Amino acid sequence: MLQTNVYVDGFNLYYALKDTPEHKWLDLLALCQRLPKRNTINRIRYFTAKVQERPEDPEAPKRQEVYLRALRTIPNLSMHFGRFRSDEADMRLKSPPPDGPERVTVIRTVEKRSDVNLATEMLVDAHKGDARCMAVLTNESDLIPPIKAVRDHFRLPVVVLNPRGRNQNRELRKAAPTVIPIRQHHYRRSQFADEVEDAKGKIIVRPREWAAPSQDDSAS
């Protein structure tokens, strides 16, 4: 059995689950223990950023905080935070109307530091000999450099857990030949209970917007 560290690209995972909110109450330890079978989980590092309140979804920060509280019940999981930055940007319209402007000003929100944080922690852990194998949950080609560095300089195997199933980034596959697709049934079977108890005995309740599928749907 290979002692494995898992590095979770939270932003990439979020987009993989965006259209299936019933899977967002995800127990990362349960998911990691399903894939792959020959690895034992030493630690999980989760990289994300605190979301901002938006007019179309003012409750998003509250849901995220509830989920982070649930994740904190996983004993071998640590969280590493980047940040979101919003700026005004002048951008050209792809198909401007005949009598309208060619350019518009938009609010652009980008996540900063999470990829750098993940790369840094991965390389530090490799240098310390913290695990015999590393798994990166992502489909993001920006993480190719640290993956290659861990393989080439530290001679450690790296597994990519693709949150988008078989929709694999081709560049990423070249950097990490071992790619395991995460399928919908993996997400469905790796959910927290609807109510989770933390170390202080407080109950954490699954957000209603992430309602669990019915028993009939689970069996399908």
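The values are calculated or read from the model by the stated rules, or taken from the named source; none is laboratory data. Note that this is a predicted model, so its numbers are computed, not measured. Because the Cβ atoms are built from the backbone with ideal geometry, glycine has one as well, and the counts that use them run over all protein chains shown.
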Next item on the list: Say whether the condition of being basic (Lys, Arg), surrounded by 14 or more Cβ atoms within 10 Å (Cβ to Cβ) and without any contact (Cβ under 8 Å) to a residue 60 or more places away in the chain is met by at least one residue in region 153-172.
Entry: no
Notebook entry, point to check: Of all the helices (runs of 4 or more DSSP H) wholly in region 58-160, which have at least 3 residues that are at pLDDT 90 or above, in contact with a Phe, Trp or Tyr (Cβ under 8 Å, 6 or more places away or on another chain) and within 19 Å of residue 16 (Cβ to Cβ)?
Noted result: 60-71
Notebook entry, point to check: In region 163-202, how many residues are small (Gly, Ala, Ser), within 15 Å of residue 9 (Cβ to Cβ) and either at pLDDT 95 or above or in a helix (DSSP H, G or I) (or both)?
Noted result: 1
Margin query: free of Cβ contacts under 8 Å to residues at least 60 places away in the same chain and either part of a strand (DSSP E or B) or within 20 Å of residue 201 (Cα to Cα) (or both): is that true of residue 46 in this structure?
Written below: yes
Margin query: Please go through (1) without any contact (Cβ under 8 Å) to a residue 60 or more places away in the chain; (2) surrounded by 21 or more Cβ atoms within 10 Å (Cβ to Cβ) for residue 120 and return the number of the only condition it doesn't satisfy.
Written below: (2)
Next item on the list: Just give me the residues in region 22-43 being in a loop (DSSP other than H, G, I, E, B) and of a type in the set (D, E, K, R), in sequence order.
Entry: 24, 27, 37, 38
Notebook entry, point to check: Taking into account only those residues within region 122-149 that are in contact with a strand residue (DSSP E or B) (Cβ under 7 Å, 6 or more places away or on another chain) and acidic (Asp, Glu), which is nearest to residue 162 (Cα to Cα)?
Noted result: 140
